[in-house]
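Colleague: Below is one structure. I have some questions about it.
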Amino acid sequence: MTCGGKLTSRGESERVLVKLHTALALAVALLATAGPHSQAQTPRSARNEQSEREAAKERLRRLLEHDPNNIEALFGLGRLMVEEGDFASGSSLFRKYIAISPADAGAWAYLVRCAVGQNDPKGAADAQRQIELLAPTNLALHAQAACWVANSAISEVTGREFELVMSLAPNRTRSGALWYARLGQCYDRAHDTIRASRALLAAIDLDPDTETHYFRLAHVFAGEGRVGDASEVMASAIAHFPRSVTTRVEAGTIELEAGNPERALEEQRQAATLDPHSPGALSLLGRIELAQRRYPEAIATLEQAAKLAPADASIRFYAGQAWMKTDQGTQRALEHFKRSLELDPNRASTYYWLGSLYFHRNQEYPVAVQYLEQALDRAPELEAAHQMLIQAYKRLGEDAKAALELRRYQELVQHRAKAEAPK
Amino acid sequence: MMELRLVPAVLLSLSAAATTVDPIRFEDGQAPQFVTHTGRTARKYLPQTMGGGVAVFDYNNDGLLDIYVVNGATMPGLSKDGPQYSDRLFRNNGDGTFTDVTDAAGVAGQGFNIGVAAGDYDNDGFEDIFIAGVRRNTLYHNSGDGTFTDVTERSGLARPDPQYGALWAVAATWVDYDHDGLLDLFVVNYVQWDPKTEPICEKGGLPDYCYPRAYAGVPNSLFHNNGDGTFTDVSVASGIRQSIGKGMAVAMADFDGDGWPDLFVSNDTLPNSLFLNERNGTFKEAAIENGVGFTENGAAISGMGVDARDIDNDGRPDIFETALLNETMPLFRNLGQAGFEEITFASGVAHASLAKTGWSNGIYDFNNDGRKDLFAACGHVMDAEASLRATVPQTNILFANLGKLRFADVTAAAGAPLGRRGVHRGAAFGDLDNDGRVDVVLTELDGPLRILHNVSPAANHWLLIRTIGTKSNRDGMGTRIRLVTEDGVQYNAVSMSVGYASSSDVRVHFGLGRRTLVQELELFWPSGTHQVVKNVKADQVLTVREP
């Protein structure tokens, strides 16, 4: 048989190489899905990445023309297609791949993702069974697969994969906490807060000495309006890290976002007591003042925080927010937002606000378009950016682009309507 | 030669230049004795934060606006088991006083009611009443003899939704969407809600009302008037059903200038909806492509009340929406084919409105200077948010139109009643004493009914137009009016759905400034009839019958 012959002729070293590629690809994929700020790129590098990606695809296609069973090319091209959302092509390539290398659990994981993307319950269940069979205790692999199916409408597959990952927790060491934390983030983004909180609780159980696990869990609860639960988690964090300014600031942030600025202020004061020069505590104070519409005070506080921590993108972001609330503050707000982007080029909301200021305040539509496109590259669910981008395209006479953007938005709305329909 | 003004104009200091504007003044009118009851309990139920719908309309055709106010009920039972929960109808005596005629008229209502919409759905010349309520709506037919008949069952409006069951309606508008001469009914529905499954929420360690995100959205409803006293639910066939929202208010206007009525729905924590009439019995939801789904805030606001009228007299209705504290009260300027542009900050509305939670609102020319001003009833929602530097009781807010799309907050100078705090909700607009100045009837949650009597002192002139449709619906609802004086052109339209949960004077008001003559009045009736009336004297209530 051709496939078998090819594989045999490549030998063990190639198997190792392929496994390495698989592991690397999965690790990259998981990092990419771990958070909204994980795809580190500037506007320029985003374009560069696109051209590099096209070049890579072309190279892999040429390899496959030369050798249709080149498993490295099959895997690499399949992965790129999946990343672009072309699940049909991805599925086809991975099917060819597993015909040659049926024991590669990583490829099966990609097939789960393809099946979910194509809403193919049987394909997803079949591929999932294969991962279970081939790598029953591979936490990284299952955590990735569980992440990929977090948004899936195929609830059986989602539930099974998630429970499998959770069943691995008791036998894990502290290092396993990372995977559960990431899993929690995936399910939080999928608005499945019950699973998100379970995963994050597992992360805390495995590694109680990492503050961020508490923070993430508290944010999940707060996002659901479970303010009491969020406060309880943060109280537990404070008990565990009594000298941590970060924990106090985070506790204050959660109270602020839950609409309790006075409680936030209590935490802020505690943080400032621990470290009177903490930029984080000052930033929180500025945000509290912002919420209370004390704009001149917020500006002064955040400007001071920015001086103390000139490389803190978040402080610049909130300083921009404060300035834009004032009549004459647009220019200064733009400066802060731009600096924030230089420091953290991945925050979609910064692109959004820059787009908004150029659109609404300056009526510079071409510039607004650039920022809004960047915002949506990073956060397609940012619905307000879709609206503004459509308007900006219209003002520029680019009706075809406006129509395309509208279609993208409508897909989001349909998804939301499905989610909200009575079961 | 410059005409002498009898009243000194108010000098407003703005960033660009000092601007003068005729003062707007209100004083307390003699409001009927009435207190809204929301059935407050230790356990918090979301409907207790709402309610307060009010209508001003002439139920007995004596030329004077009467007042109908809806009321709450027990919670969680949703029953009016005491007179304190009765809805009320107050007849205008014409001398600044009102008489409670609720019992005689038979309109005490049932259940926990939120909003009201008055309109003559059977074209018999008498205004009927639709009441939007929690898990039950009511339609009262005006018998023409001072009494009403509950025709909810008979009309087909009592049926529960096949998918969602009993819906919670907040507001409604009468609209002849298919131009068949009969008023159809658009009902704004809020969220999926059942007292048995009310979630428990807290804030700052205290029990509080849950945020809207704790509840799932629902579609709105459109009922076609069959002309025989019955209605057919055409929500699916019309396309209205496709959009899920958390509706709070509706404004009816011809936004795209095609001569057909469109609908803007203000949603709570979801994008607003703009239903454009496709002129074939269907609507297309197009808020996002027209730039009114979101504000520049970047997220869906807690949309509350809405009114749509032409603030810059370019012939296109603009949108004024109210929202929660820290969200501003968005102002969208209609650009025609290009959609809308948000001018909340540019107009000067943003800063003053950031500190307010707005509910019912209206776009009216309160000082009759020929420019429509903005009013919003204010009061916060949650009990425990004082720490956001916002009291739950709030003062209302009034913006004077300075022209050139600029507004100034003139609340402080508008009289003592504007300085009074309250948990305001409903506001209906109309000239209660026919003196040409638009008054406001206000409700407060668990507070008294109030009348803001407009006593703006400028000696400006005015015109009130009552349209009587013959081929069109009898109220003339949807008729667009173009008015020309020596000062220029103004536009307005016939609509009763103004603000939140409330129903305003169906007569169309114009302030004429110093002009005593309207050179030309053009009416574009829903039937397609184009009518021109020339040389109309100012300072009168003019009845225009469709030819």
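Colleague: How many of the residues making up the stretch B:162-183 are in a loop (DSSP other than H, G, I, E, B) and either in contact with a helix residue (DSSP H, G or I) (Cβ under 6 Å, 6 or more places away or on another chain) or in contact (Cβ under 8 Å) with a residue 40 or more places away in the chain (or both)? Show your work before the answer.
Modeller: Of the stretch B:162-183, the ones in a loop (DSSP other than H, G, I, E, B) are B:162-164, B:166-167, B:176-183.
From what is left, the residues that are either in contact with a helix residue (DSSP H, G or I) (Cβ under 6 Å, 6 or more places away or on another chain) or in contact (Cβ under 8 Å) with a residue 40 or more places away in the chain (or both) are B:164, B:167, B:176-183.
So the answer is 10.
Colleague: Taking the stretch B:241-274, which residues are at pLDDT 95 or above and in a loop (DSSP other than H, G, I, E, B)?
Modeller: Within the stretch B:241-274, B:246, B:254, B:255, B:256, B:257, B:258, B:259, B:260, B:261, B:272 qualify.
Colleague: Return the residues of the stretch B:183-209 that are more than 14 Å from every other protein chain (Cβ to nearest Cβ) and either closer than 14 Å to residue B:139 by Cβ or surrounded by fewer than 21 Cβ atoms within 10 Å (Cβ to Cβ) (or both); say none if nothing qualifies.
Modeller: As a first pass, look at the stretch B:183-209 and keep what is more than 14 Å from every other protein chain (Cβ to nearest Cβ): B:183-188, B:195-196.
B:183, B:184, B:185, B:186, B:187, B:195, B:196 - these are the residues of the stretch B:183-209 that are more than 14 Å from every other protein chain (Cβ to nearest Cβ) and either closer than 14 Å to residue B:139 by Cβ or surrounded by fewer than 21 Cβ atoms within 10 Å (Cβ to Cβ) (or both).
Colleague: Just to be sure I understand, how many residues within the stretch B:113-137 are surrounded by 24 or more Cβ atoms within 10 Å (Cβ to Cβ) and either over 29 Å from residue B:453 (Cα atoms) or β-branched (Val, Ile, Thr) (or both)?
Modeller: 7
Colleague: Continuing with this model, one more query. Could you tell me which numbered condition residue A:126 fails, if it satisfies all but one of (1) farther than 21 Å from residue A:77 by Cα; (2) within 23 Å of the chain's Cα centre (by Cα)?
Modeller: If we test residue A:126 against (1) farther than 21 Å from residue A:77 by Cα; (2) within 23 Å of the chain's Cα centre (by Cα), just (2) comes out false.
Colleague: Of everything in the stretch A:120-166, what is under 18 Å from residue A:192 (Cβ atoms) and among the hydroxyl-bearing types (Ser, Thr, Tyr)? Give them in sequence order.
Modeller: A:152, A:155, A:158
Colleague: In the list B:293, B:298, B:239, which residue meets the criterion of being within 20 Å of the chain's Cα centre (by Cα) and either closer than 27 Å to residue B:213 by Cβ or β-branched (Val, Ile, Thr) (or both)?
Modeller: Exactly one of B:293, B:298, B:239 is within 20 Å of the chain's Cα centre (by Cα) and either closer than 27 Å to residue B:213 by Cβ or β-branched (Val, Ile, Thr) (or both), namely B:293.
Colleague: Quick one: which of B:425, B:466, B:482 is surrounded by 24 or more Cβ atoms within 10 Å (Cβ to Cβ), assigned to a strand (DSSP E or B), under 22 Å from the mean Cα position of the chain (by Cα) and modelled with pLDDT of 95 or more?
Modeller: Result: B:425 is the single residue among B:425, B:466, B:482 that is surrounded by 24 or more Cβ atoms within 10 Å (Cβ to Cβ), assigned to a strand (DSSP E or B), under 22 Å from the mean Cα position of the chain (by Cα) and modelled with pLDDT of 95 or more.
Colleague: From the list A:250, A:297, which residue is out of contact with any strand residue (DSSP E or B) (no Cβ under 7 Å at 6 or more places or on another chain) and within 23 Å of residue A:357 (Cβ to Cβ)? Step through it out loud before you land on a result.
Modeller: Working: A:250 fails: within 23 Å of residue A:357 (Cβ to Cβ).
It is A:297.
Colleague: Would you please list the contacts, defined by Cβ atoms under 8 Å and residues six or more apart or on different chains, that run from a residue in the stretch B:315-337 that is within 12 Å of chain A (Cβ to nearest Cβ) and closer than 20 Å to residue B:392 by Cα to a residue that is assigned to a loop (DSSP other than H, G, I, E, B) and among the acidic types (Asp, Glu)?
Modeller: Within 8 Å, the pairs are B:325/B:385.
Colleague: Among the helices (runs of 4 or more DSSP H) lying completely within the stretch A:337-423, list those that include at least 1 residues that are on the phi > 0 side of the Ramachandran plot, away from chain B (no Cβ under 11 Å) and surrounded by fewer than 23 Cβ atoms within 10 Å (Cβ to Cβ). If you could, list the steps in order and put the result at the bottom.
Modeller: On the way: elements: A:348-356, A:365-378, A:383-395, A:399-420.
Helices (runs of 4 or more DSSP H) meeting the threshold: none at all.
Colleague: Return the residues of the stretch A:227-240 that are within 22 Å of residue B:214 (Cα to Cα) and either free of Cβ contacts under 8 Å to residues at least 24 places away in the same chain or touching a Leu at 6+ places or on another chain (Cβ under 7 Å) (or both); say none if nothing qualifies. Steps first, answer last, please.
Modeller: Taking the stretch A:227-240 first, the residues within 22 Å of residue B:214 (Cα to Cα) are A:227-233.
A:228, A:229, A:232, A:233, listed by residue number.
Colleague: For the stretch A:290-325, what are the residues that are of a type in the set (D, E, K, R) and surrounded by 23 or more Cβ atoms within 10 Å (Cβ to Cβ)? Explain how you work it out, then say what you get.
Modeller: Within the stretch A:290-325, the first condition is being of a type in the set (D, E, K, R), and the residues that meet it are A:293-294, A:297, A:303, A:307, A:312, A:316, A:325.
Answer for the stretch A:290-325, where residues must be of a type in the set (D, E, K, R) and surrounded by 23 or more Cβ atoms within 10 Å (Cβ to Cβ): just A:316.
Colleague: Would you say residue A:109 is part of a helix (DSSP H, G or I), at pLDDT 90 or above and more than 21 Å from the chain's Cα centre (by Cα)? Steps first, please.
Modeller: On the way: part of a helix (DSSP H, G or I): yes; at pLDDT 90 or above: yes; more than 21 Å from the chain's Cα centre (by Cα): no.
Spelling it out, it is not the case that residue A:109 is part of a helix (DSSP H, G or I), at pLDDT 90 or above and more than 21 Å from the chain's Cα centre (by Cα).
Colleague: Residues that are surrounded by 24 or more Cβ atoms within 10 Å (Cβ to Cβ) and closer than 27 Å to residue B:461 by Cβ: does the stretch B:336-343 have at least one?
Modeller: Within the stretch B:336-343, none of the residues are surrounded by 24 or more Cβ atoms within 10 Å (Cβ to Cβ) and closer than 27 Å to residue B:461 by Cβ.
The values are calculated or read from the model by the stated rules, or taken from the named source; none is laboratory data. This is a predicted model, so every value here is computed, not measured. So basically every Cβ, Gly included, is an ideal-geometry build from the backbone, and we count neighbours across all protein chains shown.
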